[in-house]
Amino acid sequence: MTAEPPARPGRLGVGVVGAGRVGAVLGSALQAAGHPVVAVSAVSEASRERAAALLPGVPVVEVPEVVRRAELVLLAVPDDALAGLVRGLAETGAWQAGQIVVHTSGRYGVDVLAPARAAGVIPLALHPAMTFTGTSLDLSRLVGCAFAVTAPGPVLPIGQALVVEVGGEPVVVAEQARGLYHAGLAHGANHLVVLVAQAAQVLREAGVAEPGRVLRPLLDAALDGALRAEDAAGPDGTGAIGALTGPVRRGDAGTVHEHAVTLAALGARTGAVDVPTGYGALARAAAARALAAGVVTAEDAQHVLDALAGITGAPPVLGTDGTATGPTTDDDGSTPGAPQEDA
């Protein structure tokens with residue numbers, strides 16, 4: 001018989017609390033890096049199936065038992081459940097001094113782990129800037145993926161090392177900045193999905209049978225160009241807005257006006273009122289940012305805003321730096337041209 005290879009030094013027994021899309025994948029990644037997963041909790045049938053697929057042979061046990069068995073506890077639960085879970089485990093004396101406790105919430109830093117810290121644990125907040133499917137496909141996506149790392153200074157290297165071990169790139173985010181960090185990611189990723197859904201609906205209304213196929217090359221190119229421009233610009237450059245194309249960049253106010261009228265009609269006909277509202281908000285933001293970056297003139301930017309007045313809301317007046325001084329209002333405080341809500 002061939003002897004088992006000796007365990008690598010510094011390996012930790014990992015307990016995964018929550019075999020959701022993130023927990024099961026990160027548990028599998030840690031196991032591939034040499035950290036054995038000793039227990040996992042999984043409540044729903046989907047979670048149990050995910051645990052069986054990504055963590056085969058790992059015992060599925062109750063949460064307190066996961067914590068009891070683990071040297072490193074990975075808390076991969078919904079944001080709103082995290083604080084109560086940490087506090088409840090503290091009240092039952094489940095936490096163990098010297099235990100490493102990692103949560104994967106983007107919203108929180110390590111303050112949420114205060115009840116566990118009182119018991120002597122090492123607190124880490126590690127959030128992968130990635131969307132997960134909960135399958136083995138995600139493992140390759142972790143390579144090069146940025147992870148926000150928040151931790152007390154003396155233990156920050158532990159969090160950074162864990163990220164590197166699973167193939168990620170650690171990015172240190174301060175405790176007080178976690179809210180901004182997570183809002184930025186959610187705004188970019190979640191609202192990109194909404195934007196695609198809106199654009200696809202408009203194309204379907206135009207008779208395009210496969211809007212995803214039509215949008216893919218255009219959106220791939222636009223996203224790639226914007227991200228490349230952002231990476232190349234540095235803090236003082238124009239950034240992603242430098243890659244802007246289309247009628248706002250050209251100062252083509254007539255086209256913007258026609259888009260707004262057409263989309264307002266679509267919203268009235270189908271009930272998709274979020275489409276013209278979203279178009280108006282983003283067109284205004286595009287004009288403001290393009291002006292601030294110096295890629296459109298103040299005259300062209302104001303023409304674009306004027307083209308949206310009375311259709312998707314009244315335009316703000318832009319300063320030369322791209323900041324809005326706010327829309328004008330009627331004597332009763334209402335915005336001219338804006339639809340009025342029932343009293």
So, in region 207-241, how many residues would count as being within 29 Å of Gly310 (Cα to Cα) and touching a residue at least 24 places away in the same chain (Cβ under 8 Å)? 1
Name the residue, out of Ala287, Ala268, Ala283, Ala307, that is in a helix (DSSP H, G or I), at pLDDT below 95 and closer than 25 Å to Val193 by Cα. Ala268
Can you name every residue in region 201-241 that is polar (S, T, N, Q) and within 29 Å of Ala272 (Cβ to Cβ)? Gln201
Looking at this structure, is Gly188 under 29 Å from Ala125 (Cβ atoms) and exposed (fewer than 12 other Cβ atoms within 10 Å of the Cβ)? yes
Filter region 105-118 down to the residues that are open to solvent by less than 40 Å² (accessible area, probe 1.4 Å) and out of contact with any His (no Cβ under 6 Å at 6 or more places or on another chain), then identify the one that is farthest from Val149 (Cα to Cα). Ala116
When region 135-158 is examined, which residues are found to be under 21 Å from Arg21 (Cβ atoms) and buried (at least 19 other Cβ atoms within 10 Å of the Cβ)? Asp138, Leu142, Phe147, Ala148, Val149
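The values are calculated or read from the model by the stated rules, or taken from the named source; none is laboratory data. Remember, predicted model here, so these are calculated numbers, not experimental data. So basically every Cβ, Gly included, is an ideal-geometry build from the backbone, and we count neighbours across all protein chains shown. We work out accessible area using only protein heavy atoms, side chains counted, and drop any ligands, DNA or RNA first. Shrake-Rupley method; radii C 1.70, N 1.55, O 1.52, S 1.80 Å.
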